[in-house]
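Have a look at the structure below, then the notes.
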Amino acid sequence: MSADQGSSKVLTLTKSEPAPDALHSVVAVVPAVPAVEAPAFPPTPEAIDTRTLSRSLFLRLAALDENSPERAYVRDTLIELNLPLVRYAAARFRSRNEPMEDIVQVGTIGLIKAIDRFDCERGVEFPTFAMPTVVGEIKRFFRDTSWSVRVPRRLQELRLALTKASDELSQKLDRSPTVAELAVVLGVSEEDVVDGLAVGNAYTASSLDSPAPEDDGGEGSLADRLGYEDTALEGVEYRESLKPLLAKLPPRERRIIMLRFFANMTQSQIGEEVGISQMHVSRLLTRTLSQLREGLISD
């Protein structure tokens, strides 16, 4: 910085705690700052220093050229100076199953966007302007990345609205609301309510190798406790193999097989249906079944 900027003054932090790295060596030359109005509650000296220095840096940032190296330095200083604001916003989401470092990193992106859009001439304090942007960036991160299965944004928003409406109706009715009641409150169809309730299952996923919960008293992994052996599965192969063999049978023998094994009729009932004796039905069944058995074995 040149020494001919006589209308400027040197501002440094007077915090008792260590300042951010970029501020250890900061000797920021910034324009004189108008007096700050007294807040309703007396702030700490650290808060006054941060607010005053931030406003001074924003005034300097607005006066610098876009491609100026000094502008990049002032912008980086503003980012590090306001990182406590990001940590404060990120602390609201500490109950989520995400590392706090990742949440702070996402919130810092929101802080950078707020710094680039902030206009110090509007008379709004920067923390008031930046907090919605930082929180919004963090919420967008959870909305877009924390779902185990990607679902449309419309259903994600519907799920949030259903959760809020369900809590309000539960307190009002002293019971769980029905699908029809939720549909009336939200102004959507009952089918949409069912879809919104079901989409909550896509938020988290469990591994098939995860052990059984202790309160279930079960043993083994989730895969061992889900599903069962379908006894009819073996019959599928037999039926598919029999289809071409049945198609080759004469019409009378094929009809007898259908009546016996699909209509569950007795040989006497089949004889009456076909117009032959019960003994004849028995001989035809024995011969036909032998042919089918030989066809399966040969295949």
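Show the residue pairs that are 6+ apart or on different chains and have beta-carbon atoms under 7 Å apart, the first residue being within the stretch 243-270 and in contact (Cβ under 8 Å) with a residue 60 or more places away in the chain, the second being among the charged types (D, E, K, R) and in a helix (DSSP H, G or I).
none
Just checking, how many residues over the stretch 90-115 are open to solvent by 90 Å² or more (accessible area, probe 1.4 Å) and within 17 Å of residue 77 (Cα to Cα)?
1
Just the residues that are within 60 Å of the chain's Cα centre (by Cα) and acidic (Asp, Glu), please, taken from the stretch 240-299.
240, 253, 294, 299, listed by residue number.
Identify the residue in the stretch 160-193 that is over 26 Å from residue 139 (Cβ atoms), open to solvent by less than 80 Å² (accessible area, probe 1.4 Å) and not small (Gly, Ala, Ser) and, among all such residues, is modelled with the lowest pLDDT.
Restricting to residues being over 26 Å from residue 139 (Cβ atoms), open to solvent by less than 80 Å² (accessible area, probe 1.4 Å) and not small (Gly, Ala, Ser), the top hit is 173.
The values are calculated or read from the model by the stated rules, or taken from the named source; none is laboratory data. Quick caveat, the model's predicted, so the values are computed rather than measured. FYI the Cβ positions are ideal-geometry reconstructions off the backbone, even for glycines, and counts take in every protein chain you see. When the accessible area is computed, the model is the full protein with side chains, heavy atoms only, and any ligands, DNA or RNA have been set aside. Shrake-Rupley method; radii C 1.70, N 1.55, O 1.52, S 1.80 Å.
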